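Worksheet: one structure, shown below.
Please treat every number below as a calculation from the coordinates, not as lab data. The shown structure was predicted, so the numbers you read here are calculated from the model rather than taken from an experiment. Please note: Cβ atoms are built from the backbone with ideal geometry, for glycine as well, and neighbour counts cover all protein chains shown.
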Amino acid sequence: MTFGDKETAGLAALAGWRQGDNLTAPIDRSLSPCHLVTLSPCHAMTEPILSVKNLHKRYGNLEVLRGVDLELAPREVVCLIGRSGSGKSTLLRCINFLEEPTEGEVTVAGFTVPAGEKTREHRRQILQLRQRVGMVFQQFNLFMHMTVLENLIEAPILVRGLKREMAVALAEDLLQRLGLSDKRDVYPSRLSGGQQQRVAIARAMAMEPMVLLFDEPTSALDPELTGEVLQTMRYLAREGTTMIVVTHEMSFARDVADRVIFMDQGVFVEQGPPSQVIGAPKDARLRSFLDLGLGRG
Amino acid sequence: MSAETQSVTSAPAARRRWPRLSFPIRYRLWLVFWLALVVFFFSGLQLSLGPLQIRTIALDWEFVGKWWQFISRGVLTTISLAFFAIIGATVLALVSALARLTPVASISSLAGLYISLFRGTPLFLQMFIVYFGLAQVGLVLDGFTAAVVVLSLNYGAYMSEIFRAGIEAVSHGQVEAAYALGMTPAQTMRRIVLPQAVRIITPDIGNQFIAMQKDTALASAITVTELAGRARQAGSPNNRFFEALIVAALWYWLLTLIFSFFQERLERRMARSDR
């Protein structure tokens, strides 16, 4: 169980690769850097890092997701836009099984978890999947009884089984990169909303996930605080983090996203590069949504 | 409280405290005055202020001098009763609170029945049932054990509801964040939810401990010679109830003061993450 030096560990974190983990589950083997070397770079780029197949979510008679298919290439940044109630957040929460999808399957880097079985094995698979998918919440949800550093090292130690020194080194590196080093030993209640959300991003990154999910990360923030969070997300995107962002920030989607997806009533209505989806929308519902949305932003 | 209203940002506001007393000196002076007045009523002095005749209660100090050591020997029994019962009650409370919160109906309802039974009947009666009732069917417990068992069961039931409320007061977002990081439900409970729940319920649990420490006196009804029992033993044959019981009462008060002191310090330490 080794990391390279601190520098490469941090870089690996930001690039979304896991390195030197205690590799126990079969899925881990396929994720090791060695395996990637055997693939042509071209292959590595086109092999989807996340794929969602035919995902359905029903609450009784209400069908919130009606067959969603999604594939993400490594380093791709996807922005999900749409009215509230269109199923964006539900899709995000189904990807890491915070909501159990009714039908379909989720694959992260070759590790597939199908929906719906209530078995012990299924629960074990979900835990495995979640280690590879980071999530950032609208309400930050930092652990209020822990300092910033403790927030960052908790899961790496408990879930990944990292040694404490290693987890601390990784966390300190992340904090430094995100400009939060001076907050290392502070409790979350003393941080501004923007700082809390940046720490929450760092906490998710500390697990070195393959994909990072953002569920309206700036919606709970005062307007003057959204900037620093968006800047952090831009930085992660630039460093090659694969991410799905549910957002109402159209300028962020336009500047940062490789692909924008417009959702309505539980399905993808339109998707493509931002210049096309935001710049030249075809669907009437998307056009009316953008008229409203751009007015706000 | 729903998960939505318990958002992280509103948590510090919810814990806002009353301002601390801004007149500590005056407060203490008055405290001393009232205490002196109470002591005066037991001084045995007789005052005549004009037409007003004040007679106070005269205590038999010779009796106190002779018997206070006998009574005070019960302190250790009282403390150990409380000590073991606090441990027992805390364990029972935690287990039954978690049992109550499981989605498994059979276990949750069992915990519910336990809580309902032991909150719904008098502690005094429970003492008798466990001590005399069980002896009748062949399970003979000594008084001390029976008292510890009953105090644990009774306070465990009350504290179970406090634990449950504390666990439910931890925002669901905390649980989701832990799950999203790959933690198991057990890890989430142990590392994320319980530590925060304990901070929330510390004042309530402290009050329960204080109440229990005094309810150990009921053990004297089932032959345990702790403070209250010894006070009665000393007071009864000499007809010096007042003196004997006041000695015991002062001990209970002192124990409570000591306990409150540590409770307050603990609370202040735990409030660290709120500041």
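Which peptide among A:169-175, B:259-265 comes first, and what is the full order, when sorted by highest mean count of other Cβ atoms within 10 Å?
A:169-175, B:259-265
Among all the lysines, which ones have a C-alpha under 29 Å from residue A:53's C-alpha, if same-chain residues fewer than 8 places away are not counted?
Partners within reach: A:88, A:118, A:282.
In terms of modelled amide H atoms, which long-range or inter-chain residues lie less than 5 Å from the amide H of residue A:82?
Long-range HN contacts for residue A:82: A:263.
Mind listing the phi-derived Karplus ³J(HN,Hα) values for the stretch B:116-123, rounded to whole Hz, using 6.51, -1.76 and 1.60 with θ = phi - 60°, and x for any glycine or proline?
4, 4, 7, 8, x, 10, x, 4
Under a Cβ-Cβ cut-off of 11 Å, what is the net charge of the residues other than residue A:184 that fall near it, where Lys and Arg count +1 and Asp and Glu count -1?
Details: positive: A:183; negative: A:150, A:172, A:182, A:185.
Spelling it out: positives minus negatives among the neighbours equals -3.
5 Å is the cut-off here: which amide hydrogens, built 1.01 Å from N in the peptide plane, fall below it relative to residue A:65, excluding neighbours closer than 5 in sequence?
A:57
Per residue of B:181-190, how many C-beta atoms from partner chains lie within 10 Å of its own C-beta, taken as a mean? Walk me through the numbers on the way to the answer.
Numbers: counts 19, 17, 7, 5, 2, 0, 5, 1, 0, 1.
Partner-chain Cβ atoms within 10 Å, mean over residues of B:181-190: 6.
Sorted by average packing, counted as other Cβ atoms within 10 angstrom per residue and highest first, what order do B:206-212, B:217-223 take?
Per-residue Cβ counts within 10 Å, averaged per peptide and sorted highest first, yield B:217-223, B:206-212.
Report, as an integer, the average count of C-beta atoms from other chains found within 10 Å of each Cβ along B:170-177.
5
Tell me, what ³J(HN,Hα) does each residue in the stretch A:175-192 have, in order and in whole Hz, if you take phi through Karplus 6.51 cos²θ - 1.76 cosθ + 1.60 with θ = phi - 60° and put x for Gly and Pro?
These are the phi-based 3J(HN,Hα) values: 4, 5, 5, 8, x, 10, 4, 6, 9, 2, 10, 9, 7, x, 5, 9, 9, 6 Hz.
Along the three principal axes, how long is the protein assembly as shown when you take its alpha carbons, biggest first, rounded to the nearest angstrom?
Principal extents (largest minus smallest coordinate, Cα): 101, 62, 52 Å.
From the square roots a ≥ b ≥ c of the eigenvalues of the alpha-carbon gyration tensor of chain B, which class results: rounded (a/c under 1.5), prolate (a/b over b/c), or oblate?
Note, shape of chain B comes out oblate.
Using mean Cβ contacts within 10 Å as the protection proxy, how do A:79-90, B:26-37 order, highest first?
A:79-90, B:26-37
Taking the Cα centroid of the stretch B:211-247 and of the stretch A:162-202, what is the distance between the two, rounded to the nearest whole Å?
Centre-to-centre (Cα) distance: 57 Å.
Above 23 angstrom, tally the Cα pairs of the stretch A:155-297 and express them as a % of all pairs, no decimals. Could you put the intermediate results ahead of the total?
Working: 4376 of 10153 pairs.
So the pairs more than 23 Å apart make up 43 percent of the total in the stretch A:155-297.
Hey, which lysines would be in cross-link range of residue A:163, C-alpha to C-alpha under 23 Å, not counting anything within fewer than 8 residues on its own chain?
Candidates past the 8-residue exclusion: A:6, A:183.
Along the positive direction of the dipole of the protein assembly as shown (beta-carbon charges: Lys, Arg +1; Asp, Glu -1; about the Cα centre), which of B:139, B:78, B:46 reaches farthest?
Of the candidates, B:46 comes out farthest on the positive side.
As a test of understanding, state the convex hull volume per residue of the stretch A:234-297 from its alpha carbons, in Å³.
On the way: hull volume 5.3 nm³, N = 64.
Here the figure is 83 Å³ per residue.
For the stretch B:93-101, what does the Karplus curve 6.51 cos²θ - 1.76 cosθ + 1.60, with θ = phi - 60°, yield as ³J(HN,Hα) per residue in whole Hz, taken in order and with x for Gly and Pro?
5, 5, 4, 6, 5, 5, 4, 4, 8
Considering the options A:127, A:169, A:153, tell which one lies farthest towards the positive end of the dipole of the stretch A:108-189, charges being +1 on Lys and Arg and -1 on Asp and Glu at the Cβ, about the Cα centre.
Positive-most Cα among the choices belongs to A:127.
Based solely on its DSSP helices, what 222 nm [θ] is calculated for the protein assembly as shown when runs of n ≥ 4 H residues each add -39,500 (n - 2.57) and the sum is averaged over all residues, nearest 500 deg cm²/dmol?
Numbers: 24 runs with 311 residues, N = 572.
Rounded to the nearest 500, it is -17000 deg cm²/dmol.
Using modelled backbone amide H atoms (1.01 Å from N, in-plane), which distant-in-sequence or interchain residues come within less than 5 Å of residue A:99's amide H?
Here A:94 satisfy the definition.
Determine the shielding of peptide A:143-150 by partner chains: average, over its residues, the number of Cβ atoms on other chains within 10 angstrom of each Cβ.
Average per residue, whole number: 5.
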